[in-house]
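The values are calculated or read from the model by the stated rules, or taken from the named source; none is laboratory data. Because the structure is a prediction, the values reported are computed rather than measured. When we count neighbours, we look across all protein chains shown, and the Cβ atoms used for this are built from the backbone with ideal geometry, even at glycine. Only protein heavy atoms, including side chains, enter the accessible area calculation; ligands, DNA and RNA are left aside. Shrake-Rupley method; radii C 1.70, N 1.55, O 1.52, S 1.80 Å.
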There are 2 protein chains.
Amino acid sequence: MAIAIPTSEELLQAHNAIAPYIHNTAVVTSKTLNQMSGASLFFKCENFQRMGAFKMRGATSAILALSANERERGVVTHSSGNFGQAVALAAKELGVPAYVVMPENAPEVKKAAVKGYGATVTECESTIHAREAAAAAIQEETGASPLHPSNCTNVIVGNATAAMELLSEQPNLDVLCAPVGGGGLLAGTALAGRFFGKNCKTFGGEPQQVDDAYRSLQSGIIETNTSTNTIADGLRTHLGDQNFPIIQQHVEDIICVSEAQIISAMKLIWERMKIIVEPSSAVALAAILKEKERFKNKQVGIIISGGNVTLSALPFS
Amino acid sequence: MAIAIPTSEELLQAHNAIAPYIHNTAVVTSKTLNQMSGASLFFKCENFQRMGAFKMRGATSAILALSANERERGVVTHSSGNFGQAVALAAKELGVPAYVVMPENAPEVKKAAVKGYGATVTECESTIHAREAAAAAIQEETGASPLHPSNCTNVIVGNATAAMELLSEQPNLDVLCAPVGGGGLLAGTALAGRFFGKNCKTFGGEPQQVDDAYRSLQSGIIETNTSTNTIADGLRTHLGDQNFPIIQQHVEDIICVSEAQIISAMKLIWERMKIIVEPSSAVALAAILKEKERFKNKQVGIIISGGNVTLSALPFS
């Protein structure tokens, strides 16, 4: 089945629709990081977004796309991370019931955050099968609409709005770079670059340990990972059939980085820019620094995906 | 000897003079912290200032106030912390030789930062006597002008510019709150509040463990501390004869907070605002939260003094 790739009008509509519910987050720069990279870097700070990550954009966009009847029955998702919190908060803002399936071993602080936004939390075993089964049972029982964190057009157009805002502040960007995990952020970013940039090329940054997106672009089919051994916990998932065609068509390249490069880039951002970012967010900077000859003297927009970290378990020694 | 308290014109001149060399730092807000405090909080982010702290303002202002002859001979200071870095960077920007005396047990990263800005570093024993003696010897030998980090009018008027910028964005602040250690930031903030606020009252936040400023306001003379047992390493010093009269005249009150309250406020800022602040910076928020009934429904400006922390030694468990 052919995939309908979103149009520029659909991106603009999504931005208008979600604007009242999200922050137009700050764009920050660092002389030191510009010197280190040889490029002009513009960081779009989705760590300052509501609930601390860009996921708020896609969750809001997806719920707003539902009909009044669907909204009444609610939404259901399974997540151990930011998307569960985003769905809970967006649903609360829009007066929609939310059901979030979380693995029983998810951090208590994340369960508390989701419950704090008023969502109904269902705990299950920490396997993808158990999570999908629990979500399906809730869907069956309540009629709630399932929301996928990355493989859904309405989420992708919501995610695109971060890069749209960045390009409206910095219209001459030569490059956009975003981390790639499930592919929803990278696909949205690439669409924004294509529609609203001036010959702006989009790159993905990916941990070498989970380089499924890189291999998928090489092979032409959606590859999966056999391990999830990366500190970038937001990037352990693989691409989906809704975002892969967009990435194939509109992403210039995916640059894979080591765990040491991720931690080093994260430390640079914390120490030099004084902002708190997740390991996943540092992957995009790590990619630019790894291949800096390629980006020399370019204007580079980097999507900082989020800032939700456990302060008692940081990778700095 | 009577102290000449700086005028509003002197503050404006200082701001004009240093503006090309400093960042007009961002002012950020947090819905969550507003809800927790019952007030509207506006954080002036000097952690985003050049070299990571407000000290860049006072150091630049003090060097600009020197004559051409004095500048040629250079400046000397002793510091284990932010002021040494600020003097080194400001001197570099202004083409002035800088000599920084640092205790031999200062972190290598701080020594490297000062050297990286081109200053001459002299190491000495970690006592105040050894530091002062080393600085005096350099002054004797080179003719360099000594710069005190907090007890100097030209530093105080430079420090005032952070609150001036905050008030120019938020002219209706009822309250300003800054941490107090040596007193240079609090004195400058209080002058800015008096001259450029509308009936705006300035409060200091101080660690209970080093409550010399609180006791000085009570007794009317400059008190000292017998211990320096606080995580807020920027606040272990005592007031000076140049800033104490300003604090006496223009500061409404000093609120003392426990170590636990400082760490809790620091964690709130890191987790909720996603910005990196020093323990000293968290003292001002801790003070507002401790006596929140007093600040209910007020517009409160908080000076975030800096963000230079050692990431491998954080107080979060």
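Summary table
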| item | result |
| --- | --- |
| Accessible area buried at the A-B interface, both sides summed, 1.4 Å probe (Å², nearest 100) | 1500 |
| FRET efficiency estimate (nearest 0.05) - Cβ-Cβ, B:Asn69 to A:Glu108, R0 60 angstrom | 0.40 |
| Net charge of Cβ neighbours under 12 Å - reference B:Gly52; Lys, Arg +1; Asp, Glu -1 | +2 |
| Helix-only mean residue ellipticity at 222 nm for chain A, each DSSP H run of n ≥ 4 adding -39500 (n - 2.57), per residue, nearest 500 | -13000 deg cm²/dmol |
| Cα centroid of region A:38-67 to Cα centroid of region B:79-139, whole Å | 43 |
| Inverse of mean 1/r across different Cα pairs in the protein assembly as shown, Kirkwood, Å | 25.9 |
| Relative contact order of chain B, pairs being alpha-carbon contacts under 8 Å that are 6 or more residues apart, as % | 21 |
| Region B:56-146 - Debye-derived log10 I(q)/I(0), Cα point model, q = 0.16, 0.26 Å⁻¹ | -0.54, -1.34 |
| Range in chain B, longest, excluding exposed GluC sites (Glu not before Pro) [loop by DSSP; at most 15 other beta-carbon atoms within 10 Å] | B:126-290 |
| Solvent-accessible area, 1.4 Å probe, carbon plus sulfur percent, for the protein assembly as shown | 46 |
| Simple spin-label estimate for A:Asn229 and B:Ser219 in nanometres, 7 Å along Cα-Cβ | 6.2 |
| Net length gained if the chain between A:Lys92 and A:Asn297 were fully extended (0.36 nm per residue, minus Cα distance) | 69.4 nm |
| Label-point gap, in nm, between B:Ala19 and A:Met36 - each point 7 angstrom along Cα→Cβ | 3.2 |
| Inter-chain Cβ neighbour average for residues A:309-317, partner chain, 10 Å | 3 |
| Cβ-defined net charge surrounding B:Leu89, 10 Å radius [Lys, Arg +1; Asp, Glu -1] | +2 |
| Ranking by accessible area, most exposed first, for A:Asp212, A:Asp174 with a 1.4 Å probe | A:Asp174, A:Asp212 |
| Mean projected area in nm² (Cα convex hull; one quarter of hull surface) for chain B | 15.1 |
| Solvent-accessible area of A:Val155 with every protein chain in place, 1.4 Å probe, in Å² to the nearest 10 | 0 |
